[in-house]
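Below is one structure, written out as structure tokens; comments come after it.
What follows is calculated from the coordinates using simple rules that are stated; it is not laboratory data. Please read these numbers as outputs of a predicted model, since none were measured by experiment. In this analysis, Cβ positions are derived from the backbone assuming ideal geometry, glycine residues included, and neighbour counts consider all displayed protein chains.
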Amino acid sequence: MFDLLGQMRRLSDLKPSIVSQAPAIVARFVLLAASVLLAACATDRTFGVAPNIEVTDLSALPQPRGDFIYQIGPQEALEIQVVGAELLSGRFLTDEEVRIDYPLLGTLNFADKSPADASRLIAQGLRGKYLVNPQVRVIPEAFPEPSISVGGEVERPGSYPAAGKQTLLRIVNAAGGLTDYGKADDVLIMRTVDSQNYIGLYDLEAVQRGNTSDPILFPDDIVMVGDNPARRRLEFLLQLVPIATPVAILIDRTTN
């Protein structure tokens, strides 16, 4: 890559008559560096090219079926109650693979299961052989609040409550809005419905202007705001232009 900084350092070794022309020379260096850097740092804006990703003809992300369903996770404390069977009741802790060791039934796998699913699994194992009609309840010690994850170029990335009717615009505003480098037309919503992962690409400016509807968000959605590399490069190049330079024309040949 063109050594702009090295050329600028060698200006100090030039004769006075040439040094007096330094601002113009540096300006030319900056113009050349702009074309080199912008070409080298071109951003790939394609999408849907990964082998496990398919571009659909859907006009909107599908909505989850029914209400939010809590799933048991790893290292989670569960209170299991079996009516009339005190020895089968108690506190259990799932391991890293969401399994527990349960009396009489051995290892039970609760991965991708709700507390109701886990209750049915235990009841099925006990029914007939150990109990006639087992009544089982699985109660997590702490139900996490349904949330939406927001990341990328927002001021305050993190998890935000999914209570009420959350939309893309509301959740981005709750996260402090976009950073200076946030790319409003490169906002992704990732969602899983019936074990199928979906990714939607949205233009936040179009939502703000009322040109498109504000998409509704659901618990466990993930929102990612893209980065504007062209603006980062421009600020970097402007830092290289000396104050004495009256004009610096930069050519951005990058297509974002």
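Computed over the range 94-195, the P(r) tail beyond 16 angstrom holds 69 percent of alpha carbon pairs.
Under the combined filter of DSSP loop state and at most 15 neighbouring Cβ atoms within 10 Å, the range 88-185 retains these trypsin sites (Lys or Arg not before Pro): LYS129, LYS165.
When you filter the GluC sites (Glu not before Pro) in the range 75-129 for DSSP loop state and at most 16 other Cβ atoms inside 10 Å of their Cβ, you are left with GLU96, GLU97.
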